[in-house]
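Okay, so here's the structure we're looking at.
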Amino acid sequence: MAEESRTPPKAESAAGKWRVFSPAALRFARYTLIRGVALVVTVAIGVYIAVWIANMGGHVDEIRKAEIREAVGVSFRGNPAYRDLTPSEKRELMDAEIKRQVERLGLDKPFIGRSFAYLANALTLSLGRAERMSSDTGSKQVRSIILERLPATLMLFGTAQVLVFFVGLFIALFLSRRYGSFLDRLSVSLAPISAAPPWFYGIFLILIFAAVLGVLPYGGMLDAPTPKTTFGTVLNVVKHMILPLMAWLLSTVAISVYTWRTFFLIHSSEDYVELAKAKGLHSNAIERRYILRPALPTVITQFALTMIYAWQGAIITETVFSWPGLGRMLFQAIGMYEVPVIVGSVVIFAYLLAISVFLLDILYAMIDPRVKLGAKRA
Amino acid sequence: MMRLWRGVSDAIRRYPTVLASVSIITVLIGLSIYAVVSIPYSEVVVLWRGAGDIWSDTPRYAAPAWTNLFRSEKLPETFKLSSSDHNTVTEQTGDTSWKATTTYTFEYEYTRFPQEMNVFFEAQFEKRRPFVILTWTTPDGREYSMFRDALRPSQRYAISQDTKLTDQFDGEYPHVGLLADPDSIGQSGAEPEVLPGEYELRVEVLTFEEGSHVDSRFVVYGNVYGIAGTDHLRRDLAIGLLWGTPVALLFGLLATIGANITTFIIAAVGTWFGGFVDAAIQRVTEVNLMLPFLPILIMVGTFYNRSIWTMLMVIIVLSIFSASIKTYRAMFLQVKSLPYIEAARAYGASNTRIIFRYLIPKIVPVLIPNFVIGIPTFVFLEASLAVLGLGDPILPTWGKMLNDAYQGGALYRGYYYWVLQPAALLMVTGLSFAMLGFALDRVFNPRLRGT
C-alpha cells in the first residue's frame, strides 16, 4: 500500500489537465486503479502457482496423452474404413494420429510454454470440460458448473460477513464504552472460542437443533417439495440459513469483538477525545466523530484479513451443512478426482478473495483521510 | 525461557483460567506419551487399518459403556467367553478319540437383545478334522442343538445367521430367539422380551488324533463397548481418540513453530536491511495473503499425497509470508531505532549478530502469545482437511474420526458419541491453548487488553 506515495510526475500534469475533478477525486481514482492493478497481478501470480501445482510435475500431460490414446483407439476400433488393414498398418496409422494430436495440443513442448496459455485460459474462466460432474442444467463446462454454484455461496457468506461486521462493530463499541465491566471481561474471556472454525460449531448446532430438537433442517438450501409461492421459497431458504449463520457468528464474532474493542479503546484514550469530553460534547458525537471515525480504517483492514480466511472457511462449512455452493462443489470434486473443477475452484476463490479485498480497499480509501487528502505516508 | 516461565507463572497468578488450561495441556501431553508408549506407531497403523480379523470381537456402532449410567434401560454390554479361561473337561472315549467339553455360563439380565453372537474356533490337527457339537440351554431348561460339524483350522460360527434356528423362532433372529421368553415370540404386534437368567452354551469337541486340540471363543456383541465405543468398522474408538492426541499436538506444535519462527526471522531481516529486501518481502506477503490457502492445500492433497507430513510442509511454506509479517515489521521498526541497536552498530556488530542477538530477543514476548494462539488454528486445520476427506491415510486423527462419523450419518442415525467424543477432545485442546495464549497476550502485551 506504499505505491500512492511514489507519485509519478505525469500524474501531476494530468491533474492539471483534468481540473474539473477535484484533486481528492483524482487521488482516489489513482489509488483505486493502482490497487486494482496490483490485485489483478496478485490473482495472476496465485493462479499461475495453482497451474504449476495442478500440473503435478507433468502428470496432467500424461493424463491428457492417455486420453488422446484412448480416444484415438476408440475411433479406430469403431471405424469400418480401417477394418481391412493389417494390425501393423493400423498401429502405424494410429501412432501417426496420436502424434498429430499431441503436437496439435503442444504436449510435446516443455510445460513452461503451455503454462502461460493455461494461465490465460484460467483467468478468463475457460476452464474446459468436466469429466464426471455436470451442472444442474446438464452442462459439462467447468465455467457453468462453477458459476451456477456461485450465487448460493455469495448469498450465504455475504450475509454472514455483513452480519459479523455489524454485530461485531456494535458489540465492540458497546463494550469499549463499558471498559472493565463484567460484560467486557466476559467477552474478553470468550475470545478463545474463536479458535474453533465455523464448521465445528456447525456440527454441534446440527446435533442440537436438527437431530435432537428437530426444529431446523440438517442442511441443504430448500426442502424437498419446494414451496410454491416466492415468499414461501424465501422463507424456506432463510430457515436453512439460520444454522450456518449461527455457526459462523459463534466462531468469528468473539475474536472480531476482541480486536475491534482494543482498537476503540486505543483511540478513546487519545488526547483529542479527552479534549472533546472537556468541551462537553455529547458522548454519541464523541464516539462517532472521534473514536469510530479514526478507528474505522484499522477495523476495515482487519475485516479484510478475516474475510480472506472466511471465503476459504466456506468450503468446509458448506460441506457440513450440504449447502449447494462452491465449497460443496469443491468437496464433491475432490471425491470424484475431478481435476478441471478443482483447478477452476482455486481460480474462482482467488477472484473472490481479490474482489472482496478490492471492494474493502475502495471503502478504506473513502474513509481514510490519508488517502483522500493525499498525505504522504511512511 | 526464563521469561516464558515468569510470564506463565504471572499469568497463573492473575488469571485462574490459565491454571485450568495449563493442567489440561499437561493432561493432554501425558495422554500423548501414554498413547505412544502403550501402542507403538507401527501397531496403531495396523489396528486402525483394521485388516483381517483384528476387530472380530467388537460390535459395530456400539456406544461407550459409560453411557449406560445415564440410561434408564441399560443396553447390553459386549462380553467374550473363551476356552482358555474356562474349565474344560477332557475324557478319552476310544483308542484315538477324545471328548473335551467346555461349558460357558453367563447371566443375561438386560432388557434388550445383543447385536449378534458368534463362536470362533481355532483347531489344531494333522489329518482328521475335529468335530464340534454346540448346545444352548435356557434358564427355564429348554435345549437347542445349534452347530454340529467338522472343523476347519480357523472357523467362525455366526449364530445370528443360522437359518435353521431362525425357523425354530418363527423368523426371529437366533440371537433374539435364544434369549427371548418363548411366550413373547411369534405373537403378532408384540416385541420379543428377554428371559432373564443364567444361560449355558455347551461346546463338545471330539478329536481323533493325539495332540489335536480346539480353542473356542464365544462372543456376545452388545450395544455398548469399552470406554469410547466402536465405529462402522468395529474399531475401538478409544484407540483413535488416544492416538489422535499426539498427532494433533505434534501437528499443531510443528506447524506453529515452522510458520511463526520463519515469519519472525524474515520480518526481522527485512526490517534490518530495509530497501529492496524489505520491499520484496512486503510484495511477496501481499501476494501470499491473497493466495487461496485452503484450495491450494486441497489441490496438493488430491493430486500428490495426503500424508499428514506433506500437508504440514505445505502449510508451513504457505504460512511463512503471513499477515503477521506486517505486525512484526511495525514492531521491529520501532526497535531498530532504539539506542542500544545504534550502540551495537557503533562497536561493529555484524548484521547477523544484531538481528539474532539484539532485534529478535526484544520482540520474543510478542511471539509467545501468538505462538500459543496459533496451535489450535493448526489443530483445527488438520481436522478441517480430514473432514474434507483429505486426512492422513494411515494414522487415526480426531478429524478423520469426525469425517468417518459424518460419512456414516452419525448425526442422522443417533450415534452421537461418535461425533461428540473427537469433537470434545478437539474443543478441549483448542480452548486450552487459546485460553492460555490470550492470557499470555494480556501478560506480555498489557496495553488495554482488559483486566
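The values are calculated or read from the model by the stated rules, or taken from the named source; none is laboratory data. Quick caveat, the model's predicted, so the values are computed rather than measured. Positions of Cβ are generated from backbone atoms using ideal geometry, with glycine treated the same way; all protein chains shown enter the neighbour counts. Side chains are part of the model used for accessible areas, which takes the heavy atoms of the whole protein and leaves out ligands, DNA and RNA. Shrake-Rupley method; radii C 1.70, N 1.55, O 1.52, S 1.80 Å.
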Notebook entry, point to check: When ligands, DNA and RNA are left out and all protein chains stay put, how many square angstrom of accessible area per residue does segment A:111-204 have with a 1.4 Å probe?
Noted result: 46
Next item on the list: Can you tell me what the convex hull of the Cα atoms of segment A:142-367 projects to on average, as an area in nm²?
Entry: 15.2
Notebook entry, point to check: Considering only B:Leu440, B:Phe125, B:Phe169, whose Cα is most displaced toward the positive end of the charge dipole of chain B, charges sitting on Cβ of Lys, Arg (+1) and Asp, Glu (-1)?
Noted result: B:Leu440
Notebook entry, point to check: Which residues, if any, in segment A:201-229 have at least 40 Å² less accessible area in the whole protein complex than in the isolated chain, probe 1.4 Å?
Noted result: A:Ile203, A:Phe204, A:Leu207, A:Tyr218
Notebook entry, point to check: Which value, in debye to the nearest 20, describes the size of the charge dipole of chain A about its Cα centre when Lys and Arg Cβ atoms bear +1, Asp and Glu Cβ atoms bear -1, and nothing else is charged?
Noted result: 1140
Check: Can you list the trypsin sites (Lys or Arg not before Pro) in segment B:97-161 that are in a DSSP coil and have 10 or fewer other beta carbons within 10 angstrom?
Finding: B:Lys127
Check: By how many degrees, 0 to 90 and rounded to 10, does the Cα axis of helix B:324-336 deviate from the longest principal axis of chain B?
Finding: 40
Check: Say the dipole of the protein assembly as shown comes from +1 at the beta carbon of Lys and Arg and -1 at that of Asp and Glu; which of B:Ala410, A:Thr137, A:Ile355 then lies farthest toward its positive end?
Finding: A:Ile355
Check: Rounded to a whole number, what % of the accessible area of chain B do carbon and sulfur atoms account for, probe 1.4 Å?
Finding: 59
Notebook entry, point to check: Magnitude of the Cβ-charge dipole of the protein assembly as shown, K/R +1 and D/E -1, about the Cα centre, nearest 20 debye?
Noted result: 5860
Checklist line | Rg followed by Dmax, in Å, when segment A:211-316 is reduced to its Cα trace | finding: 20.9, 64
Note to self: Using a Cα-Cα cut-off of under 20 Å, which aspartates and glutamates could be cross-linked to B:Lys362, ignoring same-chain neighbours fewer than 8 residues away?
What the structure shows: B:Asp10, B:Asp278, B:Glu342, B:Asp441
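Please compute the net charge surrounding B:Phe251, taking Lys and Arg as +1 and Asp and Glu as -1 over other residues with Cβ under 14 Å from its Cβ.
Overall, the nearby charge balance is 0.
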Margin query: Give me Rg/Rg_expected for chain B, where Rg uses Cα atoms only and Rg_expected = 2.2 N^0.38 Å with N residues.
Written below: 1.40
Notebook entry, point to check: Of A:Arg83, A:Arg289, A:Arg185, which has the largest mean-square fluctuation in a 10 Å C-alpha GNM of chain A?
Noted result: A:Arg83
Notebook entry, point to check: Amide H of B:Val194: which non-local residues (sequence gap of 5 or more, or other chain) have their own amide H closer than 5 Å, using H built in the peptide plane?
Noted result: B:Asp181
Next item on the list: Please give the helix B:416-444 orientation as an angle from the longest Cα principal axis of chain B, in degrees from 0 to 90, rounded to the nearest 10.
Entry: 20
Notebook entry, point to check: Using a Gaussian network model of chain A with C-alpha springs under 10 Å, which one of A:Met241, A:Met221, A:Met155 is most mobile by mean-square fluctuation?
Noted result: A:Met155
Checklist line | Interface residues, segment B:245-292 - accessible area loss of 30 Å² or more versus chain alone, probe 1.4 Å | finding: B:Arg283, B:Glu286, B:Val287, B:Leu289, B:Met290, B:Leu291, B:Pro292
Margin query: As an exercise, identify the chymotrypsin sites (Phe, Trp or Tyr not before Pro) in segment B:83-115 lying in DSSP coil whose Cβ has no more than 13 other Cβ atoms within 10 Å.
Written below: none
Notebook entry, point to check: Where does helix B:293-303 land angle-wise versus the long Cα axis of chain B, in degrees 0 to 90, nearest 10?
Noted result: 50
Item checked: Stretch in chain B that is longest and holds no GluC sites (Glu not before Pro) that DSSP places in a loop and that have at most 12 other beta carbons within 10 Å -> B:211-451
Notebook entry, point to check: How many partner chain Cβ atoms sit within 10 Å of a residue's Cβ in peptide A:332-343, on average, as a whole number?
Noted result: 2
Check: Is chain A rounded, prolate or oblate when judged by the Cα gyration tensor, a ≥ b ≥ c being the square roots of its eigenvalues, rounded requiring a/c under 1.5 and prolate requiring a/b larger than b/c?
Finding: oblate
Check: So how much accessible surface do A and B hide from each other in total, probe 1.4 Å, in square angstrom to the nearest 100?
Finding: 4900
